[in-house]
Amino acid sequence: MNLRLPLFASAAILVTTAIAARNPTLADAKAFLKKAETQLLALSIDASRADWIKSTYIIDDSEAVAAKFDQAQIDATVRFAKESVLFDRLALPPAERRKIQLLKNSLTLATPSDPAESAEVTRLATSLEGAYGKGKYCPQPSKCLDLEDLGRIMANSRDPKELAEAWNGWHAIAKPLRQPYQRFNTLANKGARELGFADMGAMWRSKYDMPPDEFAKEIDRLWEQVKPLYVSLHAYVRNRLREKYGDSVVPADGPIPAHLLGNMWAQEWDNIYPLVAPKDADPGYDLTQILKSRHTEPLQMVRYGERFFTSLGFAPLPPSFWERSLFVKPRDRDVVCHASAWDVDLVDDVRLKMCIDITSEDFTTIHHELGHNFYQRAYNAQPFLFRDSANDGFHEAIGDTIALSVTPEYLVKIGLLQTAPDPSKDTGLLLRRALAKVAFLPFGLLIDQYRWKVFSGQIPPGEMNKAWWDLKLKYQGVAPPSPRIEADFDPAAKYHVAANVPYMRYFLADILQFQFHRALAKEAGCVGPLNRCSIYGNAAAGAKLNAMLRMGVSRPWQEALESMTGQRAMDASAIIDYFAPLKKWLDEQNAGKPIGWTK
Ligand code: ASP
Ligand code: ZN
């Protein structure tokens, strides 16, 4: 297998040199794309298989093998992207032009042309993700806690000392990742530069069918739209946490200590809903309790998710999905537990990899992941280069859109709840959802605000941890539970930093999913408040969704968005409208109390 790659490369160079000697034609471009798509599809299947083994069985050997296959795939994509400049001045039909553009923009990591550096950067990428997957905190030599254990403490403990210990224990795993991460950056930036980008951040920003600077401005615009909603939620939660933990733990007008919000990264706060629930408007049910009391099994959790999609007219998941997925954390080996959805053969071999816990949080995550899998299958008839979402925010938004339809009425329909709470309980329902979706907005935004600056060098290597907390303070208004120093490397305690997964997609998805939900609810004829609309079982909404998913990335995302929502721009008015009644209520609760934060 190793032998094939250099052969492809040299043959390709001979052909392109011959074409360059005359003027390239449309036939040349088509032949070039055909070859690129055929070879990249094969390489990508090999890489996915090796990555699957590595992620479900982390040892040095599986990492080394996966790194080799990843390298082969990325090197080949880089080579094709470089060769494609041959066709830059040729007038091409839209599909061919778009494929060439996608070849250049599709990578999240570009390997440098130096083979040793290429091998090193792919090896670093796998070992950084592996180190995260293996991370443990061992309070005693005989007692080690993994991230799932620590996450349960963060979600359920109400003891600030215990919470701080779990937080510190996990963040310590990231410290040794700092040096390798810096080396990774240097090499990855080199690869991005060779492809013509200023740095890896510029490469990431170039994937949105608009100039990269304009994309950055879009993000700022969307954030300004939603910021007042976040600030209201922040102030309300801070006050309620002060009632719970007292002034000495939670300041009146300062940042909220990051370990008190129910989540390791303070990114979603719904686990502390019981601490902040409205006194007279609690919906009176807790999905985690319901699922647990029914002894729901992990596989049944996935079946609930699948059934939602089939109710919309999608075909059931194939038998291979049930045979090949990983639903439960194995007892005997390290795996990457961070949930992900896979598309191994880019046709039908879709899989879920997740260490499922019986909680409402994981119930939602399953819908999130299945959204990826149903998207993947919907676009599987597209040519290889178009088998992706309209933009990466779309991929992240589909399953979340479905999860927004997990309403009390839906839970009644599927037999998980006896009766739906009446409308007087909407404040509680909205608050619970806001703790997940509104709290997430600044977090979703800041990860790549941070990395863009790290990649460009605007954040110097000597300030990588300080800069992280400056941004956490600025956007989220949270502070670390213990003093941080530069030897720490807290960003890598978050999966997507260690694993080099771009994150702005989640911010986009947080906005887009409400836009999608609003459009689909309308299609389904729902006239009630949006938080009570569920598209479950609605064929018209399903058809509308499927029509967009089937497009893959064959057209600019603005067209995909328009086909479903009638709008060509991302629009935060949907999330704002959804939470408007809650915003009013929060502002009443906050009256006379400090809003916002100072240091
Ligand atoms: N649920 C995870 C998260 O969104 C993984 C994924 O993106 O599929 O990071
Ligand atoms: Zn996802």
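The values are calculated or read from the model by the stated rules, or taken from the named source; none is laboratory data. This one's a predicted model, so the numbers in the text were calculated from it and none came from an experiment. Cβ sites come from the backbone with ideal geometry, for glycine too, and all protein chains shown count toward neighbours.
Of all residues in segment 336-350, those satisfying the criterion of being assigned to a loop (DSSP other than H, G, I, E, B) and away from ligand 1 (no atom under 12 Å from the Cβ) are 344, 345, 346, 347, 348, 349.
Among (1) more than 16 Å from ligand 2 (Cβ to nearest atom); (2) surrounded by 15 or more Cβ atoms within 10 Å (Cβ to Cβ); (3) among the acidic types (Asp, Glu), which single condition is residue 253 missing? Here residue 253 meets the rest and fails (2). Taking the conditions exactly as written (crowded, with 24+ Cβ neighbours inside 10 Å, more than 13 Å from ligand 1 (Cβ to nearest atom) and modelled with pLDDT of 95 or more), does residue 414 satisfy them or not? So residue 414 does not fit the description; no.
Residue 311 - would you say it is surrounded by fewer than 17 Cβ atoms within 10 Å (Cβ to Cβ) and over 30 Å from residue 471 (Cβ atoms)? When the stated conditions are applied, residue 311 does not pass them.
When we screen 152, 178 for residues that are over 24 Å from residue 73 (Cβ atoms), touching a residue at least 40 places away in the same chain (Cβ under 8 Å), touching a Phe, Trp or Tyr at 6+ places or on another chain (Cβ under 9 Å) and not acidic (Asp, Glu), the only hit is 178. Inclusion of residue 220 among residues that are closer than 20 Å to residue 454 by Cα and surrounded by fewer than 17 Cβ atoms within 10 Å (Cβ to Cβ) is warranted. Out of curiosity, is residue 53 assigned to a helix (DSSP H, G or I) and modelled with pLDDT of 95 or more? The answer is yes for residue 53. Scan segment 385-401 and tell me whether some residue there is away from ligand 2 (no atom under 16 Å from the Cβ), of a type outside the set (Lys, Arg), in a loop (DSSP other than H, G, I, E, B) and more than 17 Å from residue 545 (Cβ to Cβ). No - not one qualifying residue is present in segment 385-401. Among the residues of segment 351-372, just one is more than 10 Å from ligand 1 (Cβ to nearest atom) and without any contact (Cβ under 8 Å) to a residue 60 or more places away in the chain, namely 356. Would you confirm, using the coordinates I've provided, whether residue 555 is surrounded by fewer than 24 Cβ atoms within 10 Å (Cβ to Cβ) and away from ligand 1 (no atom under 15 Å from the Cβ)? Criteria met by residue 555. Per the listing 341, 281, the residue uniquely in contact (Cβ under 8 Å) with a residue 24 or more places away in the chain and within 16 Å of ligand 2 (Cβ to nearest atom) is 341.
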